[in-house]
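What follows is a short report on a single structure.
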Amino acid sequence: MINKQGLNLKILFDSSVLIAAFVESHPKHKNALLFLTKANNREFELLVSSHTILEVYSVLTSAPFKPKITPAIATQLIESNIKTIAKTVTLIEEDYFNIVEKMSGANLSGGIIYDAIITECALKTKADEILTLNPKDFLRLTEGTSVKVSSL
């Protein structure tokens, strides 16, 4: 997939898409797995924030999935489906303080700050799109930017 500049499309996945791709019983599993397969086939550049990696591990190992996902299985899923396929996006100290300033300036509070971390990663890497199952906060956070928000 090519973006408007003729470059490979950059899509940043949030944790909800990755979890859906990894868990067969998830209602969005087939759609999420399709996008992960496209990323594996290099149809676009997959981006994942470092925060998302930790969130995926936390959810996989603590949610009541049947069968239970052990820490070893969660690690294997992350290594074979994120580490080997995606570009991991990290932020620096200054980025975190900028996020706090942006949130304060927009009078936003609470858990939306974690989606702001993902959004900042998308902006930092000039991602074309954020793919999520929870678009509401991302739509607010990307308003006025070139980053598109898509939901499965």
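The values are calculated or read from the model by the stated rules, or taken from the named source; none is laboratory data. The shown structure was predicted, so the numbers you read here are calculated from the model rather than taken from an experiment. Note that each Cβ is placed from the backbone with ideal geometry, even for glycine, and that neighbours are counted across all protein chains shown.
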- From the set of residues in region 135-152 that are part of a loop (DSSP other than H, G, I, E, B) and small (Gly, Ala, Ser), which is surrounded by the fewest Cβ atoms within 10 Å (Cβ to Cβ)? 144
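Quick one: in region 104-134, of everything that is polar (S, T, N, Q) and closer than 23 Å to residue 36 by Cβ, which residue is surrounded by the most Cβ atoms within 10 Å (Cβ to Cβ)?
Let us first name the residues in region 104-134 that are polar (S, T, N, Q), namely 104, 107, 109, 119, 125, 132, 134.
So of that shortlist, the ones also closer than 23 Å to residue 36 by Cβ come out as 119, 125, 132, 134.
Values: 119: 26, 125: 16, 132: 22, 134: 14.
Among those residues, the one meeting the criterion is 119.
Between 152, 108, 91, which is out of contact with any Cys (no Cβ under 7 Å at 6 or more places or on another chain) and within 20 Å of residue 47 (Cα to Cα)? Please lay out each step first, then the result.
Working: 108 fails: within 20 Å of residue 47 (Cα to Cα); 91 fails: out of contact with any Cys (no Cβ under 7 Å at 6 or more places or on another chain).
Answer to the check: 152.
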- Query: Would region 84-92 turn up any residue that is closer than 13 Å to residue 13 by Cα, surrounded by fewer than 18 Cβ atoms within 10 Å (Cβ to Cβ) and of a type outside the set (A, V, I, L, M)?
  - Reply: yes
- Message: Please verify whether residue 77 is more than 13 Å from residue 14 (Cα to Cα), of a type outside the set (S, T, N, Q) and at pLDDT 95 or above, treating the condition exactly as stated.
- Response: yes
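Conditions tested, residue by residue: (1) out of contact with any strand residue (DSSP E or B) (no Cβ under 6 Å at 6 or more places or on another chain); (2) among the basic types (Lys, Arg).
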| site | (1), (2) |
| --- | --- |
| 49 | no, no |
| 57 | yes, no |
| 60 | yes, no |
| 65 | yes, no |
| 68 | yes, yes |
| 72 | yes, no |
| 83 | yes, yes |
| 87 | no, yes |
- Go through region 93-148 and count every residue that is out of contact with any Ser or Thr (no Cβ under 9 Å at 6 or more places or on another chain), of a type in the set (Val, Ile, Thr) and in contact (Cβ under 8 Å) with a residue 24 or more places away in the chain. 2
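Matching residues to (1) more than 26 Å from residue 124 (Cα to Cα); (2) acidic (Asp, Glu):
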position: 9; (1), (2): no, no
position: 30; (1), (2): yes, no
position: 43; (1), (2): no, yes
position: 54; (1), (2): no, no
- Of residues in region 95-152 being basic (Lys, Arg) and out of contact with any strand residue (DSSP E or B) (no Cβ under 6 Å at 6 or more places or on another chain), the one farthest from residue 18 (Cα to Cα): 102
- Selection from region 58-83 of residues touching a Ser or Thr at 6+ places or on another chain (Cβ under 8 Å) and surrounded by 12 or more Cβ atoms within 10 Å (Cβ to Cβ) yields 59, 61, 65, 69, 74, 82
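Return the residues of region 14-56 that are hydroxyl-bearing (Ser, Thr, Tyr) and surrounded by 18 or more Cβ atoms within 10 Å (Cβ to Cβ); say none if nothing qualifies.
Within region 14-56, the subset hydroxyl-bearing (Ser, Thr, Tyr) is 15-16, 25, 37, 49-50, 52.
Result: 15, 16, 49, 52.
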- In region 91-113, is there at least one residue being at pLDDT 95 or above and within 12 Å of the chain's Cα centre (by Cα)? no
